[in-house]
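Enquirer: Before we start, here is the structure in question, set down as structure tokens.
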Amino acid sequence: MEEEHLHDDLQVFKDRNFFQQKLRSFITVYFLLALSFLLIIILFAVSFSRVSAISSKLNEVHPEQKQNFSGRDFLLFPCGPGSREWEYFDGKCYYFSLTRTSWYKAKAQCEEMHSHLVVVNSYAKQNFVMFRTRNERFWIGLTDENSEGEWEWIDGTDYKTTFTFWKEGEPNNSGHNEDCAHMWTSGQWNDVYCTYECYYVCEKPLPN
Ligand SMILES: [Ca+2]
Ligand SMILES: [Ca+2]
């Protein structure tokens, strides 16, 4: 009887020991799982912060590259990469027309492009325009239509105190109706009737 009782006690002890072992294993497994989970979270947080740091560095670099690119663009096309038909000279932009028209229409077409007919107020500008207009006639922004013989630049530049480059014997107001000036094939200026059709040069300031 006593032996049987002892056997039961031993069995209870064994069961309890087994239960405790199982519990310990469960706790260990759960602990390891929790630890793994925590490690994953830490790894994720570290990776995320690294990615954020790299991305913000890239963002810092990108505007610089953009600026360099637009800087190069500006050097190549000072009048704007979208306005390659405009040519740059000495702080201004010039458009040399590809079609012939009257002085009035040329004036209007320059205005449509937010510019005005060229004002040739220096020998340097004369040289620049003359080089591009060789062998063709181009309207310039000079007229005496308001008062015969009183030449006026289209932008209000004072004619009397400014550079001129008239052809010899010009302006001659031939036929009493020559009120608009153009550059001759030689580059020198001539007055001609304003409805005459020739090319034209527009001028505008550099875009902002
Ligand atoms: Ca005239
Ligand atoms: Ca003339």
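Enquirer: How about the stretch 164-177: which of its residues are more than 19 Å from residue 105 (Cα to Cα), assigned to a loop (DSSP other than H, G, I, E, B) and within 13 Å of ligand 2 (Cβ to nearest atom)?
Expert: Matches in the stretch 164-177: 167, 168, 169, 170, 171, 172, 173.
Enquirer: Taking the stretch 172-189 on its own, how many of its residues are under 18 Å from residue 200 (Cβ atoms) and in contact with an Asp or Glu (Cβ under 9 Å, 6 or more places away or on another chain)?
Expert: 10
Enquirer: Pull up the stretch 88-117, narrow it to residues that are among the basic types (Lys, Arg) and surrounded by fewer than 18 Cβ atoms within 10 Å (Cβ to Cβ), then point me to the one that is farthest from residue 143 (Cα to Cα).
Expert: It comes out as 100.
Enquirer: Does residue 147 count as away from ligand 1 (no atom under 16 Å from the Cβ), among the polar types (S, T, N, Q), in the same structural domain as residue 113 (by TED's automatic domain parsing) and more than 13 Å from residue 117 (Cβ to Cβ)?
Expert: So residue 147 fails the test.
Enquirer: If you go through the stretch 178-208, how many residues are assigned to a loop (DSSP other than H, G, I, E, B) and either modelled with pLDDT under 95 or away from ligand 1 (no atom under 13 Å from the Cβ) (or both)?
Expert: The total comes to 10.
Enquirer: Based on this model, can you work out whether residue 124 counts as within 30 Å of residue 79 (Cα to Cα), assigned by TED's automatic domain parsing to the domain that holds residue 93, touching an Asp or Glu at 6+ places or on another chain (Cβ under 9 Å) and within 13 Å of ligand 1 (Cβ to nearest atom)?
Expert: When the stated conditions are applied, residue 124 does not pass them.
Enquirer: With over 31 Å from the mean Cα position of the chain (by Cα) and away from ligand 2 (no atom under 16 Å from the Cβ) as the only criterion, which of 203, 136 stands out?
Expert: Every option except 136 fails the conditions.
Enquirer: If you check residue 161 against the conditions, is it assigned to a loop (DSSP other than H, G, I, E, B), of a type outside the set (Gly, Ala, Ser), more than 26 Å from residue 96 (Cα to Cα) and in the same structural domain as residue 195 (by TED's automatic domain parsing)?
Expert: When the stated conditions are applied, residue 161 passes them.
Enquirer: It is to be established whether one or more residues within the stretch 118-140 are surrounded by 12 or more Cβ atoms within 10 Å (Cβ to Cβ), acidic (Asp, Glu) and touching a residue at least 60 places away in the same chain (Cβ under 8 Å).
Expert: yes
The values are calculated or read from the model by the stated rules, or taken from the named source; none is laboratory data. On a predicted model such as this, the values are computed, not experimentally measured, just so you know. All Cβ positions, glycine included, derive from the backbone under ideal geometry; neighbour counts span all protein chains shown.
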